[in-house]
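Enquirer: The following block contains the structure, expressed as structure tokens.
The values are calculated or read from the model by the stated rules, or taken from the named source; none is laboratory data. None of these values were measured; they are calculated from a predicted model. When we count neighbours, we look across all protein chains shown, and the Cβ atoms used for this are built from the backbone with ideal geometry, even at glycine.
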Amino acid sequence: MSSSKPATWEFSQQFTASFQASRADIQARIDGSKATPTDSAVQDISLQLARLARSLSDAAGSIPSFDQGLYETQVKELEHQVEGLRNVKSGKTRFSFKRKQEQAPPEPPSIQSHLPMLSETLGEKVHEPQTQPQPQTQTQTQNLTLKSHLFHYLTAADLPAQQNSDAQDLTISDLTSCIVNLLPRSNEANLSNDFGAYHIRNLSNCVVLLPFSAGSALIHDLHNCVIALGCHQFRMHTSKDVDVYLDIASNPVIEDCTGIRFSLYPSKLDPDLLKRSPLKPFTVQDFSHIRASPSPNFSLMADKLGNDAKFWPLQPLSDKEDIERALIRMLPAKATSSSHE
């Protein structure tokens, strides 16, 4: 019995640190989405909160009952705030002006005069049957997208033209045997290379090279890929055999993943990294392995010097054979063209 108590205490300490870090992360994302909540942001926050609640449930009996009750209260508070984001996104706001409109029919003219101001506060039109669908469509088209390619070397020239200079989310999906290089280039001045967030899904045998983003990187369903990026938050789900080169100040999170290898972002991809102080080492959190023992689902790779010395496909390639040779040199497992035909 005495030997189990230290182990239980150690697990409780580790779980508390992980839980509070995740809770603070979710709270920060909720606060950052209150002004203009999007469907994708609310969905991702909801999924992250569901995983946090599940981890708390799985830890029952291994942490003090007082802590268990406190954490459950904190989860419920987050759920309440997420529900508030959903209400704002759907137009079901809790502003008192709607109730006044129903109780005092003579007041609608003055309320209508304030609609533009309310629209700016909510980040979308106030619920009006004739105009509500239009702003939703405009919001959905603000993302930059790369999707449905096979054996292509993709650059900023393959992105749709940006509508304005504001940072826009980037979605990369449904690629097989492709190289994506969106690093800044002198001959691509039309692209700011300033992305709001990264949404990456359903990639197989791909290499993805991205600049730093002040937003999040949300990654799903990658198989046998290499990805290099910088971000504020990193989340990877249901992926296998992926090499991740990361520039990040927070701790990356994986779930339902295997064969993930982490290393530092190479300064060869961003020489400005050499001009700043190095970030503190990150600690990978595996939500599928909430135990005191090391997770078998990820490992760490070579140091930064080794990363800079390795091959990186920075020059555009147009020939399929050249792309395939570059992929074979980079990917965790060798992939041949016969595997894609």
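Enquirer: Out of everything in segment 187-201 that is of a type in the set (A, V, I, L, M) and modelled with pLDDT under 60, what residue ends up being farthest from H220 (Cα to Cα)? Quick ask: steps written out before the conclusion?
Expert: Applying the first criterion (of a type in the set (A, V, I, L, M)) to segment 187-201 yields 189, 191, 197, 200.
Then drop every residue that is not modelled with pLDDT under 60, which leaves 189, 191.
Values: A189: 30, L191: 26 Å.
If we take residues in segment 187-201 being of a type in the set (A, V, I, L, M) and modelled with pLDDT under 60, then A189 is farthest from H220 (Cα to Cα).
Enquirer: Considering only residues of segment 35-53 that are loosely packed, with under 14 Cβ neighbours inside 10 Å and assigned to a helix (DSSP H, G or I), which is nearest to the chain's Cα centre (by Cα)?
Expert: Step one: of segment 35-53, the residues loosely packed, with under 14 Cβ neighbours inside 10 Å are 35, 39, 43, 50.
With assigned to a helix (DSSP H, G or I) added as a condition, the list becomes 39, 43, 50.
Working: D39: 14, Q43: 12, A50: 16 Å.
Looking at residues that are loosely packed, with under 14 Cβ neighbours inside 10 Å and assigned to a helix (DSSP H, G or I), I get Q43.
Enquirer: For R291, work out the one condition from (1) of a type outside the set (D, E); (2) touching a residue at least 40 places away in the same chain (Cβ under 8 Å); (3) crowded, with 18+ Cβ neighbours inside 10 Å it doesn't fulfil.
Expert: (3)
Enquirer: Right, here's the next one. Restricting to segment 54-77, and then to whatever is part of a loop (DSSP other than H, G, I, E, B) and in contact (Cβ under 8 Å) with a residue 12 or more places away in the chain, can you tell me which residue is nearest to D286 (Cα to Cα)?
Expert: Kept after step one, since they are part of a loop (DSSP other than H, G, I, E, B), are these residues of segment 54-77: 59-64.
If we keep only those that are in contact (Cβ under 8 Å) with a residue 12 or more places away in the chain too, we end up with 59, 62-64.
Working: A59: 14, S62: 18, I63: 19, P64: 22 Å.
Out of the qualifying residues, it is A59.
Enquirer: Which residue, of V75, V82, is outside the structural domain of F234 (by TED's automatic domain parsing) and under 24 Å from I200 (Cα atoms)?
Expert: Values: V75 fails: under 24 Å from I200 (Cα atoms).
None of the other options fit; the residue is V82.
Enquirer: Still on this structure, I have one more. State whether one or more residues within segment 304-319 are at pLDDT 95 or above, out of contact with any helix residue (DSSP H, G or I) (no Cβ under 6 Å at 6 or more places or on another chain) and among the hydrophobic types (A, V, I, L, M, F, W, C).
Expert: No, every residue in segment 304-319 fails to be at pLDDT 95 or above, out of contact with any helix residue (DSSP H, G or I) (no Cβ under 6 Å at 6 or more places or on another chain) and among the hydrophobic types (A, V, I, L, M, F, W, C).
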